[in-house]
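Participant: One structure is given below, represented as structure tokens, and several questions about it will come after.
The values are calculated or read from the model by the stated rules, or taken from the named source; none is laboratory data. Being a predicted model, the structure only gives us computed values, none of them experimental. FYI the Cβ positions are ideal-geometry reconstructions off the backbone, even for glycines, and counts take in every protein chain you see. Please note that ligands, DNA and RNA were not included when accessible areas were found on the heavy atoms of the full protein model with its side chains. Shrake-Rupley method; radii C 1.70, N 1.55, O 1.52, S 1.80 Å.
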Amino acid sequence: KQLECLLDFMRSRTSTRIMQDKGRHFADRYKVLEEAYPSYKTTNLYQVNNKVIKPMTQPLKCSYVEAVAFSEKAQLPTWFASHWWGEPLHGSVASLKAHAQLRHPESDAVTSSYWICAFANGQHDLKATFGDNPEESCFYNALRICRGMVLLLDAGSPARAFDRIWCNFEASLATSALSHLLLDIVAQDETGQACILTDGMTLAETTKDTESLKNPWEESGRTAQVKREERFPVDIMHKGLYVSVANAKATSPQDKHQILNIVAGKTGSAAVDLGLPVYEETDKRLRSRFATLSIRSAILHYPEINISDRGNLPIARAIREDRRKKTFKLDLSCCWKMTDSCLADVVDCLPKHSEESPLKEVHIKLNMNYQLTSASAILRRLSELESLQKINLDFEGCLGLGSNADSDNSSADLEDFGKQMGRRESLKKVELNFKGCRRLEGSSALNAMTDHLKSSTSIKDLKIFSPGGNNIAYVERAVVQ
């Protein structure tokens, strides 16, 4: 509501010189000609800060929020907004309003609280605001108490936030020290409509998913999420797969110097050594997080969007190159364009050999993907990863799975997977779900795979659900226990 009030003020002043900012020309899209007045819909935060925030808060040297808030407790942020100041404020507010309506529909997007640095930080002494220790700074304390971070991408730039060091630094904290943070991304499509990628389902979608278990004829929450994310202009994420902290830009060179040292665990005044491996590791963490958020939307635009290493949106490589992961989780349920060839590209998200990664667990949900006919690609890749201890694959409702068993090697691959994993001493837990995969009903290959896995002396927890829903590994395992 406070942001909308500010926009109303800006709208009323666009016919005067108050918003004019001759001294800054950040990009042609936001350029204000020397003798012209900026449009209300293109005025950015640099201009608002110079012409509204600073003059308004000058007498008390306070932040904008301190000047307009009725209650300190009511202003505690739920989400941290990360964005480029050069974006039109009008578009940023529209994106945040759409995000609030999605994440907090009960508030009608009126009382949702977002931390936005230009308004939350005092703009008169930024050095004091940031301090020498970032973990004691205002923005870090805000991140600690926030539920998540929302990254705003401007379609006009495009996606300039990926080039800004502050945005990359903030997002990197959500992949390391503050990993509790959800990360959502909002971008505007060609019509100006805000489209949102969410870190998991929203509360409403989760509730809908639970209700669909009782009423299977109703749309599930996961289907609702997939339909929503299908509208996202996923090609805008290309820059996110190539982010580089070392090459990112900052308005203040001092800010970039200090942030690079903070990332490296050094004091802000120390000399920056760009050869340190920590920068590449940070880049890979960021690229992987952005890629994981994008993959569902990308698959829903297959084959126009290709996620393979040589494709136009190489998501698989970005995820695979983050080699710090010990647990790999991917939920691609209800991605209705998932085909066997698409799954082969998805499999490349996994490391190709055990020596490339310390991976211990793999959890992949592929249920309700009707066009899948074979699981061979994923079974073969998992067989190559000798360090795995837990495997969880969910194919529930994949009605086409096994339909080409007579013409391809999928039956043989099922049995071979059982043979290899049954001999794997590191493997402790396996759960495979084939409920509703009618084409595998009575499959000799499925039974043979189950027998091989049952013979393992290392697997202590084995569940294999048949197309009919029975755990065909249960009886013998119960006796052994």
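Participant: Assess whether GLU304 counts as being open to solvent by 50 Å² or more (accessible area, probe 1.4 Å), within 24 Å of the chain's Cα centre (by Cα) and on the phi < 0 side of the Ramachandran plot.
Facilitator: Taking the combined requirement at face value, the residue satisfies it.
Participant: Would you mind stating whether SER288 is crowded, with 21+ Cβ neighbours inside 10 Å, touching a helix residue (DSSP H, G or I) at 6+ places or on another chain (Cβ under 6 Å) and not aliphatic (A, V, I, L, M)?
Facilitator: Yes.
Participant: For the condition part of a loop (DSSP other than H, G, I, E, B), more than 30 Å from THR223 (Cα to Cα), in contact with a helix residue (DSSP H, G or I) (Cβ under 7 Å, 6 or more places away or on another chain) and without any contact (Cβ under 8 Å) to a residue 24 or more places away in the chain, what is the one hit in VAL272, VAL278?
Facilitator: Matching residue, one of VAL272, VAL278: VAL272.
Participant: Tell me, yes or no, whether region 249-257 has at least one residue that is touching an Asp or Glu at 6+ places or on another chain (Cβ under 6 Å) and more than 22 Å from GLY311 (Cα to Cα).
Facilitator: Scanning region 249-257 turns up at least one residue that is touching an Asp or Glu at 6+ places or on another chain (Cβ under 6 Å) and more than 22 Å from GLY311 (Cα to Cα).
Participant: Ok, one more. State yes or no: is ALA118 under 30 Å from PRO59 (Cα atoms), outside any helix (DSSP H, G or I), of a type outside the set (Lys, Arg) and modelled with pLDDT of 80 or more?
Facilitator: Judged against the criteria, ALA118 is not a match.
Participant: I'd like the full set of residues that are open to solvent by 30 Å² or more (accessible area, probe 1.4 Å) and within 21 Å of LEU313 (Cα to Cα), limited to region 234-264.
Facilitator: ASP235, HIS238, LYS239, TYR242, ASN247
Participant: Next up: Could you tell me which residue of region 1-51 is surrounded by the most Cβ atoms within 10 Å (Cβ to Cβ), considering only residues that are aromatic (Phe, Trp, Tyr) and modelled with pLDDT of 80 or more?
Facilitator: It comes out as TYR46.
Residue by residue, here is whether (1) open to solvent by 30 Å² or more (accessible area, probe 1.4 Å); (2) under 25 Å from LEU183 (Cβ atoms); (3) in a helix (DSSP H, G or I) holds:
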| site | (1), (2), (3) |
| --- | --- |
| PRO59 | yes, no, no |
| ALA67 | yes, no, yes |
| PHE80 | no, yes, no |
| GLY86 | no, yes, no |
| HIS90 | yes, yes, yes |
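Participant: Report whether or not ILE319 is under 26 Å from ALA171 (Cβ atoms), touching a Leu at 6+ places or on another chain (Cβ under 9 Å), assigned to a helix (DSSP H, G or I) and not aromatic (Phe, Trp, Tyr).
Facilitator: Against the criterion (under 26 Å from ALA171 (Cβ atoms), touching a Leu at 6+ places or on another chain (Cβ under 9 Å), assigned to a helix (DSSP H, G or I) and not aromatic (Phe, Trp, Tyr)), ILE319 qualifies.
Participant: State the number of residues belonging to region 265-276 that are open to solvent by 70 Å² or more (accessible area, probe 1.4 Å) and either among the β-branched types (Val, Ile, Thr) or at pLDDT 95 or above (or both).
Facilitator: Looking only at that region, the number is 1.
Participant: Quick one: count up the residues across region 187-217 that are in a loop (DSSP other than H, G, I, E, B) and under 18 Å from GLY148 (Cα atoms).
Facilitator: 5
Participant: Then there's this: Does ASP184 qualify as being out of contact with any helix residue (DSSP H, G or I) (no Cβ under 6 Å at 6 or more places or on another chain), touching a residue at least 60 places away in the same chain (Cβ under 8 Å) and not in a helix (DSSP H, G or I)?
Facilitator: Criteria met by ASP184.
Participant: Would you mind finding the one in LEU151, LEU178, LEU143 that is of a type outside the set (Gly, Ala, Ser), part of a helix (DSSP H, G or I) and open to solvent by less than 50 Å² (accessible area, probe 1.4 Å)?
Facilitator: Going through LEU151, LEU178, LEU143 in turn, just one is of a type outside the set (Gly, Ala, Ser), part of a helix (DSSP H, G or I) and open to solvent by less than 50 Å² (accessible area, probe 1.4 Å): LEU143.
Participant: Further question: Do we find that THR327 is crowded, with 19+ Cβ neighbours inside 10 Å and either at pLDDT 95 or above or more than 24 Å from LEU153 (Cβ to Cβ) (or both) in this structure?
Facilitator: Spelling it out, it is not the case that THR327 is crowded, with 19+ Cβ neighbours inside 10 Å and either at pLDDT 95 or above or more than 24 Å from LEU153 (Cβ to Cβ) (or both).
Participant: With the condition kept exactly as written, say whether any residue in region 451-465 is within 26 Å of ASP345 (Cβ to Cβ), in a helix (DSSP H, G or I) and in contact (Cβ under 8 Å) with a residue 12 or more places away in the chain.
Facilitator: Scanning region 451-465 turns up no residue that is within 26 Å of ASP345 (Cβ to Cβ), in a helix (DSSP H, G or I) and in contact (Cβ under 8 Å) with a residue 12 or more places away in the chain.
Participant: Is it the case that region 235-243 has a residue that's among the β-branched types (Val, Ile, Thr) and modelled with pLDDT of 95 or more?
Facilitator: yes
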